[in-house]
Structures are given as structure tokens and as C-alpha cells.
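Asker: First, the structure itself, so that you have it in front of you.
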Amino acid sequence: MNRLTASIAASGFACFALLYTPQAVMPQIAAEFGLGPGSASLALSAATLALAVVVVPIAMLSERTGRRPVIVVSVLVAALLGLVLPFAPNYEVFLVLRVLQGVAAAGVPAASMAYLADELDKRKLGAAMGAMIAGNSLGGMSGRLVTGMTSDWLGWRGSVLLAGVFGLVAALVVVFFLPRAQHRPKRAPSGMKAALKDPVLLSMYVVAVLLVGTFISFYNVAGFQLTGPAWLETLVFLFYGFGSTAAAFAGRLADRFGRGRVLLLCIGVLALGALASLVWVPLGLAIVTAGFFASHTTASGWVAARAPSHARGQASGLYLAGFYLGSSIGGTSGATAYEEWGWSGLVLVLLGWLALAAMLGQNSRARVARESTGAIVVLPRRGRSSSPSTMPTETERVSAGTSTTIANGSGPPS
């Protein structure tokens, strides 16, 4: 792993350690402020919804100012807000601080995907995305463990403060070690248009909403479903270690076998985990965690590889907007479903979301496969040649899981 990839992984570690700390102490927050599971989930959703709103503008800002300044300022401000958060006198102020923290943290995911795509060869992009998502996973696990394991004797406020200190240390590592860019982002007025007109990219934005909504829904209500002391319930967040391993593995698989094929496999693992949770919740959470981070790695890598060079920031921003919109709305919707229908009802709802994600993934894979065979062509304007204006790249053919072999005319058609 080179210095850039390691530093980007560290920035994700710091960001996610700060962003998701309230999730581990959500039952304690609910008890102090007299909240139900749906209302308490706003402790997480307020930050992620704010992030979803501003991530696209910040991604576009990174096209002008450069990726590194955006990441550095973002991770530092988010860490400083993490130190203020536990001193909130009431739930309303707590939510306002969480909104500000979500806005501050937005720069890390907004610029990271595009930064890697700018600096690295596309053949190495899947593995780099896997390392980035693994860093996110480890950060989310560490932040939750710090708060959950200490909340019984420090209280939720003391444990959140400790997590803030932890996040600040990680942020300082990013400031000192994140390398300067070797390539300036390519700017063009048509960047947002390009990010919005590609059906495959549009599908991945929706897939992001569905995947993270499923994942966050499980963890938002896990503390209410499991019984025991807070430190024992917190041990389920160790499953994020499975997510880190799965993310790195999925990135390499996608580079080798194609993102479309691997994405469908990973969504299948997520569905299997949902069903397994009906038998034993911790087992289901372990499988869901691995499946989610593998799916997220594959989908985000597909976006980074598919987007034109002048639209990488916008495409990454739109994908992440979907991701955090799903975290906010999907997570709260899942908690409400659990409140109304219990764990079985929640599983049924989430299986429906995953079925839709799989359908979108299959349609995207089929579309790229048709592009690679020339079944989809771009019609010329009047008076111009009838040849297609573009041909799919090898990266796009691999992304679909289709063959990249070039026929030499000596063999039978395949």
C-alpha cells in the first residue's frame, strides 16, 4: 500500500470514528432524553443527512481547490466538533452539533474517491478503494468500541469525549502524512451533466442508498434487540473487522473478475446475513457487515472507474450523497419498521431493498456488456459519420464482467 492510499484510509478512519460514535450509546442517549428508537436514531441521522446535502457541493469545490486541502480541513474541523459534542445541554443542541459535524466531515468522502482516481492507475483502483473502505470500517468499529466499552463507567458523555480525543489524534496523522497531489483535477463545465446522464452511474447512486440503508438499519436497532451490559453489546461492532477484510478482498476480486459480477455476489451475501439474523442476531450482523463493505467497495469503485476524468468529483459526490441519504433516511425508516413490526418485519423490509439493488446491479452489468459488443451505439448528428463516437474501454468491459478478448478472425464467433 503506497503513502497516498494509506493516508486516504487514515482520513476515512478518523472521519468514521467520529461520525458513528453515537450509535454505540444510542440506548443510553434515548434513556436520558426520553426517546424511542426512531427518535434516538436521529443522533446518527442528523449528521449523515447533513453530509448527504453538502457532499456534492464540496466535491465540486475540491475540483477547484484541490483534493488535499478539502480533506485536511474537513477532518480537523470534524474532530474539534467531536470534542464539543458531549457538552450539549439538551438533545436539540446535540442534534445541531451533529449537523455541523456532518457538514464538516463531508470533505473526506467527497474528495477521497476522486483523489485516488486522479492519482492511481485504474487497474489498481479497486484495491485502493478496498483499502479506503477498510479504513472507514476500522474507524467506524474503533469509534463505536471506544464509546460502547467505556459508557458504563464514564457515561455516554464521557465516552463520546474520549472518542473525540481519539478522532483528533487520527486527524493529526492525516494532516502530516497525506501527500500532495501530482495531478490537478480536470475541470469542465459539463462535469455534472456527465455524472447525471450515464444510466450505470445513476444506478450506482441508487444502489448506494439501498445498501447503506440496509446496513445502518441493522446496527441502529441492534442495541435494542440484544440484552446485556453496554460493553458486552458493543462487542458486535468487532464485526467491522470482517467488513475491513471483505472490503479489501472485494476490491481485488472486482479488478480481476469485473465489478458487475462481484457486486451481485456481495448483495447476495447481504441478503444471506439478513436471513441468518432471524436465527441468531449476532451471526446475521457478522455476515451483513462483510457483505455491506464488500458491496460498497465494489459499487464505489465502479463509479470511480466509470466516470469521465472531468466528472470524477461530481460522480463521487453524487454517489456519496446517495450513500449518506440512505444512512439517514434508510436508517431511520428501518428503526421505525422495527418499532412497528419487530425484527422479522425489519428483515422483510430490508430484503425488499436488497432485491431492488440486485436488479439495478444486473441491469448495469447487462448494459456495459451490450456496450462492449457494440449493441448500444451513440447515434451521430446529421451530416456526420455513422461510426459510434465512443467505444467502451477495457476497464468498462471488465467492470461488467464481460470478456476482453479481441478476436483475430481465425476462430469461430463466440
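The values are calculated or read from the model by the stated rules, or taken from the named source; none is laboratory data. From a predicted model like this one, the values you see are computed outputs, not experimental measurements. Cβ sites come from the backbone with ideal geometry, for glycine too, and all protein chains shown count toward neighbours. Keep in mind that these areas ignore ligands, DNA and RNA; they rest on the heavy atoms of the full protein, side chains included. Shrake-Rupley method; radii C 1.70, N 1.55, O 1.52, S 1.80 Å.
Asker: For region 40-144, which fully contained helices (runs of 4 or more DSSP H) count at least 1 residues that are among the basic types (Lys, Arg)?
Answerer: Once the helices (runs of 4 or more DSSP H) in region 40-144 are filtered for at least 1 residues that are among the basic types (Lys, Arg), what remains is 42-65, 67-84, 91-105.
Asker: Could you tell me whether region 332-340 includes any residue that is open to solvent by 90 Å² or more (accessible area, probe 1.4 Å), at pLDDT 85 or above and among the charged types (D, E, K, R)?
Answerer: Yes.
Asker: Additional query: Of all residues in region 107-153, which are open to solvent by 10 Å² or more (accessible area, probe 1.4 Å), under 16 Å from PHE323 (Cβ atoms) and polar (S, T, N, Q)?
Answerer: Of everything in region 107-153, just one residue is open to solvent by 10 Å² or more (accessible area, probe 1.4 Å), under 16 Å from PHE323 (Cβ atoms) and polar (S, T, N, Q), namely ASN136.
Asker: Just to be sure I understand, how many residues within region 215-229 are over 23 Å from PHE13 (Cβ atoms) and either open to solvent by less than 20 Å² (accessible area, probe 1.4 Å) or modelled with pLDDT of 95 or more (or both)?
Answerer: Going through region 215-229 one residue at a time, the tally reaches 2.
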